[in-house]
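Chemist: So that we are looking at the same thing, I have put the structure below in structure tokens.
Read the figures in this text as sums done on the coordinates, not as results from a lab. Note that the coordinates shown come from a computational prediction; the quantities given were computed from them, not determined experimentally. Cβ placement follows ideal geometry from the backbone for every residue including glycine, while neighbour counts extend to all protein chains displayed.
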Amino acid sequence: MTFVIQQLDWYKRRKPTDAPRPVSVEVPDFRKEVNHFCDIQVIFDAGDVATLKGRVTQNPITGIWSVHGINSLGQSISARYVED
């Protein structure tokens, strides 16, 4: 399964921070099922590896599947599923 990491920028009224950026993502238990909860394994540019709790969503207009996740440290990710 291939996922494309989408950039999350929350700096409309704040100064950007030097938060680690995700470089690789794997979702071993991904299913094309709306609101399916899954674990997301992420590798960040600083070399950190984290497991995030995620939820699968589908855009009702485009039909694109995505997974969004966050953990207790506030690390978050959004990735779009690309069909092979």
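Chemist: Of I40, H68, L8, which is farthest along the charge dipole of the chain in the positive direction, counting Lys and Arg as +1 and Asp and Glu as -1 at C-beta?
Modeler: Of the options given, the answer is L8.
Chemist: Further question: In percent, what relative contact order does the chain have, based on Cα pairs under 8 Å that are 6 or more apart in sequence?
Modeler: 31 percent
Chemist: For the chain, what is the charge dipole size about the Cα centre, in debye to the nearest 20, if Lys and Arg each add +1 at the Cβ and Asp and Glu each add -1 at the Cβ?
Modeler: Using Cβ point charges on Lys, Arg, Asp and Glu, the chain gives about 520 debye.
Chemist: Same structure, new question: Looking only at trypsin sites (Lys or Arg not before Pro) in DSSP loops with at most 14 other Cβ atoms within 10 Å, what is the longest site-free stretch of the chain?
Modeler: It works out to 33-84.
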